[in-house]
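Below: the structure, in structure tokens.
Computed from the coordinates by the stated procedures, all read-outs in this text should not be read as laboratory data. Since the model is a prediction, treat every value here as computed from it, not as a measurement. With ideal geometry, Cβ positions are generated from the backbone for all residues, glycine too; neighbour counts draw on all protein chains shown.
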Amino acid sequence: MRGPRFHSKLTDDAARLNASIDFDQRLLPYDVEGSKAHARMLAAQGILTAADAEAIARGLDQVVEEWRAGKLVLDEQLEDVHMNVEVRLTEIVGEAGARLHTARSRNDQVATDLRLYARAQAAELSKTIATLQRALVAQARAHVDTLMPGYTHLQRAQPVRLGHHMMAYYEMLARDRGRLADAARRMNQSPLGSGALAATTFPIDREASARALGFDRPTANSLDAVGDRDFAVELVAACALEMAHLSRLGEELVLWASQEFGFVKLPEAYCSGSSIMPQKVNPDVPELVRAKVGRVIGDWTTLMVVIKGLPLAYNKDLQETQEPLYDAVETALLCTRTMAGLMAGATFDVPRMARAVGQGHLLATEVADWLAARNVPFRQAHAAAGALVRAASARNLELTDLSLAEMAAIAPDVTFDETLFAVLDPNRAVDRRDVIGGPAKTRVLAAIAQAESDLNAIP
Ligand code: ARG
């Protein structure tokens, strides 16, 4: 928006660099919402006539309709969404449209639009994450009794329930939704009325326009309100962390779908073939999800680098905070939606998981615990169990293949008896871990029930 002060046009390159309409048209519905609230507030304050405000509101509704129908011609010469909307509005309603920008600047306008966009996207992403959580909880319920090896260092460690493993992701995602809610609460203040930087001389009612837009209150400082994008940084940070969680799930699915693991079969609608190897069913979706976190972390980095060192108040640099914001939320939404569908349709190879539990001495801790419960100091018990594992491994046997006599010979400083064999059972091993947060069946069922009730309580 240059006006008569200028003698010459922008060069083509300068116009291209300056324009944001390619990407900021996403803000159009929010821009219209903000402008309607502004116009009605101006009318209530006697700054515009009621007739003008209503003409503006009607005209703005038509602009959104034209845009939704793909009929609005967006002009790069008009720079951004705000000027495109205002120019079209004025074509439709005439002089009233030219009065809309009274007591407002594009600086408080764009800050308002972006907060409305960010608030809506945070809610949408949270809802989508809940869909993925529902799929995880359904799998957890279906697989409460499915045993699998739990891993540390990607080495078989102790048996757990597949339901418990699924619920671990449920918990991560619950915290992700918490972070989105926190960010949404903090951003929910209205910059409208902050003007270009120093508010306005008109007797506006900032409380009224804030209320009309569903904000909790107006922002407290005009310079801060137009110059700040930390709400975008917070939202993108929450997206990045959620994507990091999805990337871990993606990685496990890639591993589990391999022939080496063979724990899971992914639904075909989420897999690709190979252009050369006819037998291949590739886990492209979890691979891409695993990779996409990279760009979201990049979006966060871009935002931080753009805002660091900026002097107050508004600077055009801030326009560069828009694309990373859009990219991060749109990437997180797409990945989360896709993973929700994939998880709902994944099928697990229960016998294969059970077989994996039986190999690799996952019950060695049971031996150590059994001795420690009989008053052997845990370090000594650990050493004795380790000696059994070493001896069994050397002969290609599992612990349960050793006789009591053999055990006594291998670990002569401790005493074993028949009752040891009762704890060398993976089901018992899991159920004896009956503490808060543990994998015992009752604990997992309780966690699932709690999750189901929390998910049902989401409005
Ligand atoms: N498209 C601009 C942005 O996103 C809108 C604000 C323009 N303000 C200005 N003083 N040029 O930041």
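The table that follows gives values for the structure above.
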read-out	value
Set of lysines with alpha-carbon distance to Lys292 below 26 Å, sequence-local pairs under 8 removed	Lys127, Lys265, Lys280, Lys308
Dipole magnitude (debye, nearest 20) for the chain, charges at Cβ of Lys, Arg, Asp, Glu	540 debye
Most to least packed among 150-158, 35-43 [average Cβ atoms within 10 Å]	35-43, 150-158
Vicinal HN-Hα couplings computed from phi for the stretch 94-109 (Karplus, 6.51 cos²θ - 1.76 cosθ + 1.60; Hz; Gly/Pro x)	x, 4, 3, x, 6, 8, 4, 7, 4, 6, 8, 10, 5, 6, 6, 5
Given charges at Cβ of Lys, Arg, Asp, Glu: the stretch 74-176 dipole, positive-most of Leu136, Pro149, Ala174	Pro149
Cα Rg, Dmax (largest Cα-Cα span) when computed across the stretch 198-250, Å	17.1, 55
For the chain, fraction of C-alpha pairs farther apart than 43 Å, in %	37 percent
Cα pair distances in the stretch 119-166, grouped into 5 Å bins until the bin that holds the longest one, percent each	5, 21, 17, 14, 14, 12, 9, 6, 2
Note, ³J(HN,Hα) from phi for the stretch 329-345, Karplus 6.51, -1.76, 1.60, rounded to Hz, x at Gly and Pro	6, 5, 5, 4, 4, 5, 5, 5, 4, 5, 5, 4, x, 5, 5, 5, x
Debye-sum result for the stretch 150-230 in log10 I(q)/I(0), which assumes one identical scatterer on each alpha carbon, at q = 0.26 Å⁻¹	-1.17
Paired Rg and Dmax values of the stretch 15-162, which use every Cα atom, in angstrom	24.3, 75
Ordering of 281-291, 347-357 by packing [mean C-beta count within 10 Å, highest first]	281-291, 347-357
Listed peptides 364-373, 263-272 by packing density, highest first (mean Cβ within 10 Å)	364-373, 263-272
Rh (Kirkwood; distinct C-alpha pairs) - the stretch 339-440, Å	15.2 Å
